[in-house]
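This report refers to the structure that appears directly beneath it.
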Amino acid sequence: MKITQLSVFVENAPGHILAPCRALADAGVNLRALSLADAQQYGILRMIVSNWQEAAKILEAQGFRVKATEVVAVEVADRPGGMADVLGALEGTGINIEYMFAFPYERADKAILIFRFADPDAAIARLQTAGINLLASAELLAK
């Protein structure tokens, strides 16, 4: 149930996320989800792509620093309180969320939450026990 995400470190300056996005587009790698976080000197472009191994090779060949990380994708009701329901399943467990981002999903009335947990195995076990639908790579990357 873990999905591989790429984190690409880019300079925090106008136009600097174009190069990695263009390199992947030129190679036919599809971006399925992304998030950009900034710090003073650099940004972290987090991406879930159609082929993370190929994408990592392409980006590294272009001189980018790339890190592969395991994240967890959760299907959530796309309605007020949907995210609160998922977070409530983790309440009192001590499981730390390092970061998360969300995006709409092709299924009607659903959205996807992407989580980076300090202990993904414990989080997966707890979410499954609570009956929350976790997505495998194949489901998330299918188009």
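Some points to look at:
- Qualifying residue in the stretch 108-115 (condition: farther than 20 Å from Leu140 by Cα and not basic (Lys, Arg)): no
- Filtered by the rule that a residue be more than 25 Å from Asp119 (Cβ to Cβ) and either touching a Leu at 6+ places or on another chain (Cβ under 6 Å) or among the hydrophobic types (A, V, I, L, M, F, W, C) (or both), the stretch 50-76 gives Ser50, Ala55, Ile58, Leu59, Ala61, Phe64.
- Criterion (closer than 30 Å to Glu11 by Cα and more than 17 Å from the chain's Cα centre (by Cα)) met by exactly one of Gln62, Gln128, Gln53: Gln62
- Every residue from the stretch 95-143 that is modelled with pLDDT of 90 or more, under 18 Å from Arg46 (Cα atoms) and of a type in the set (S, T, N, Q): none
- In the stretch 1-55, residue surrounded by the most Cβ atoms within 10 Å (Cβ to Cβ) [restricted to those that are out of contact with any Lys or Arg (no Cβ under 6 Å at 6 or more places or on another chain) and of a type in the set (Phe, Trp, Tyr)]: Trp52
The values are calculated or read from the model by the stated rules, or taken from the named source; none is laboratory data. Note that the structure is predicted; figures quoted are calculated from it, not measured. Here Cβ is always computed from backbone atoms with ideal geometry, including for glycine, and neighbour counts include all displayed protein chains.
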